[in-house]
Every structure is written in structure tokens, then in C-alpha cells.
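J.: After the C-alpha cells below, expect a handful of questions from me.
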Amino acid sequence: MTMRLGKYRDNDIELCRTTNCRVSNEAVQALVEERIPFTKSRMRIPFFKREQYRGASQMWVIKINPRRYGQARRAIDGLDRVFKDRLVLSNY
């Protein structure tokens, strides 16, 4: 099947986000172990909004295909409580 870029749009959904790099790496590792495809991006937090994020200057966002959401949430739920508490999970 040939994919036409104009017809298909980015349909990935946000799985989680965090301001802690180590926590994002642990979440990525859990997804890799379960062989779940994902994208991880870094967003800069504007200076005037940093107070909301406890002074953090950047945030990592992990997105996945909506069809793999349940499997991905189970993988994230298997993380250690210390890491899981620092993730903001989406409610897709």
C-alpha cells in the first residue's frame, strides 16, 4: 500500500507528559519493552508559564497511535510508583 501524505494526517494521541527527563526515559523504556511504537518530543515552556510547572524550562511529551492506547497504558501502569506519579497521563 502506498501512503499519500496529503490524505493521511498525524493521528497520534498524547499518552503522557512530564517535566522530568529521567521519568520520560523510564516511560520510553517501558514502551520499548512492550514493542509499542511512539514519538517523544521536547517542548519549551515559556518563561511566564514556568511557575505552573515548578520552574521547569522544558517538557517531554510521548505520543502513540490511538489503537495501541490500552496496551501503552498497561505498560505505563507497570512503572515504579515514583516514576508514575511524576507523569501526567492523558484520559483518552
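The values are calculated or read from the model by the stated rules, or taken from the named source; none is laboratory data. Computed from a predicted structure; not experimentally measured. Glycine gets a Cβ as well: all are built from the backbone with ideal geometry, and neighbour counts include every protein chain shown. Note: areas computed on protein heavy atoms with side chains; ligands, DNA, RNA excluded. Shrake-Rupley method; radii C 1.70, N 1.55, O 1.52, S 1.80 Å.
J.: Just the residues that are under 26 Å from residue 29 (Cα atoms), of a type in the set (Phe, Trp, Tyr) and either open to solvent by 50 Å² or more (accessible area, probe 1.4 Å) or without any contact (Cβ under 8 Å) to a residue 24 or more places away in the chain (or both), please, taken from region 46-76.
T.: 53
J.: Could you check how many residues of region 25-45 are surrounded by fewer than 13 Cβ atoms within 10 Å (Cβ to Cβ) and in contact (Cβ under 8 Å) with a residue 40 or more places away in the chain?
T.: Qualifying residue count for the region: 1.
J.: Let me ask another. In region 77-92, how many are within 14 Å of the chain's Cα centre (by Cα), of a type outside the set (D, E, K, R) and either open to solvent by 70 Å² or more (accessible area, probe 1.4 Å) or more than 14 Å from residue 28 (Cβ to Cβ) (or both)?
T.: 5
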